[in-house]
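The values are calculated or read from the model by the stated rules, or taken from the named source; none is laboratory data. Here the structure is a predicted model, which means the values were calculated and not measured. Don't worry about glycine lacking a Cβ; one is built from the backbone with ideal geometry, like all the others, and counts go over all protein chains shown. Heavy atoms of the whole protein, side chains included, go into the accessibility calculation; ligands, DNA and RNA do not. Shrake-Rupley method; radii C 1.70, N 1.55, O 1.52, S 1.80 Å.
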Amino acid sequence: MSLTRSRAREPIELRRFAGHVDHEEQLSHLRIAHLTDQHFGRVTPHAVQQAAIDLTNAQKPDLVVITGDFVCHSQEFLDELEESLALLDAPVIGVLGNHDHWSGATAVRRSLRKAGVEVLDNAHTTITLRNQQLQVVGLDDAYTGHADSDLATKGLRRDLPTIGLSHIAEEADRLWELGVPLVFSGHTHAGQVTLARMHEIFLGKLIGHKYVHGLYGCRTRQLGPKGALYVGAGIGAAVMPLRLGERARREVAIFELGAKAGAAWEHHREQPALKGRPPSEKTKEKRKRQLEKKKRKHPPEAE
Ligand SMILES: [Fe+2]
């Protein structure tokens, strides 16, 4: 674990982990960098975004995966998003988050593609890295009702090493069942305030998240969860930039696929899931109305 400080004096934590036992058996070694919730916009200084890109490049990853919320509330910062992501030295694969849908998914996707990012909307792709094939499954955003795990995994090969991307972490439960052993996600910003376990109280008990920050599930084939999940703390913020507590710090996570889980250099081990509470039908309806309202603000023709 190490810490880098951007010109804006914003600490960005670097946390390292091994992959799943499937990767150990199927790969020699691949380094994946995981970024999430960059929220390009007014709340997150450009210097922080640049520091995150620099820190990621310095790790020399074979692949960068980004799990959504590229923007905040508008399309105003798409140029900055495009310019920053184009600076990443490795191939980049991403999925959208709720803020991307709220701000205009078509425009965000267009910018990502211009920056060289492969966007997966309920689909999977196979990429060859250092002469090894890796399958990447990408779910569209579940918060806004766009995720379809069955469609995303249709035709998935069980004999290839695989990882999954989903903005919302709770989708991992289903993706594990469908043959995705390690899922990366975001959305929670680690609660942004993790002192006195406030993040678990707020996001777990009040909002109903099972997974708040860090590693969950199981990377071996023991009884219990059928896969593993990493919830990134994210880089940016959409409303309030405050981040308090070690776990809440802005973060780049590095996964060494092919390494054995449990080594001393890992930041932490799998944590038990919180009780969680799936969104009710009433909540889903409310989110649908929220999306429609925001879509009226960013109609497709304006994208
Ligand atoms: Fe976010």
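The figures follow:
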| item | result |
| --- | --- |
| Some residue of region 67-79 being surrounded by 17 or more Cβ atoms within 10 Å (Cβ to Cβ), free of Cβ contacts under 8 Å to residues at least 60 places away in the same chain, over 16 Å from the mean Cα position of the chain (by Cα) and assigned to a helix (DSSP H, G or I) | yes |
| Meets criteria (within 16 Å of the ligand (Cβ to nearest atom) and open to solvent by 10 Å² or more (accessible area, probe 1.4 Å)) for SER103 | no |
| Matching option when the condition is open to solvent by 10 Å² or more (accessible area, probe 1.4 Å) and closer than 17 Å to GLY236 by Cβ, among HIS146, HIS189, HIS124, HIS167 | HIS189 |
| Answer residue from region 127-143, given it is within 16 Å of the ligand (Cβ to nearest atom) and either without any contact (Cβ under 8 Å) to a residue 60 or more places away in the chain or within 20 Å of GLU76 (Cβ to Cβ) (or both) and is most open to solvent (accessible area, probe 1.4 Å) among those | ALA142 |
| Hey, LYS226 within 30 Å of GLN135 (Cα to Cα) and modelled with pLDDT under 95 or not | yes |
| Matching option when the condition is away from the ligand (no atom under 16 Å from the Cβ) and closer than 24 Å to LYS297 by Cβ, among LEU63, LEU78 | LEU78 |
| Selection count where residues are touching a strand residue (DSSP E or B) at 6+ places or on another chain (Cβ under 7 Å) and crowded, with 16+ Cβ neighbours inside 10 Å, scope region 17-37 | 13 |
| Unique residue being open to solvent by 40 Å² or more (accessible area, probe 1.4 Å) and assigned to a loop (DSSP other than H, G, I, E, B) when the list is LYS288, LYS295, LYS284, LYS275 | LYS275 |
| Any hit, region 151-158, residues being assigned to a helix (DSSP H, G or I), away from the ligand (no atom under 16 Å from the Cβ), open to solvent by less than 50 Å² (accessible area, probe 1.4 Å) and out of contact with any helix residue (DSSP H, G or I) (no Cβ under 6 Å at 6 or more places or on another chain) | yes |
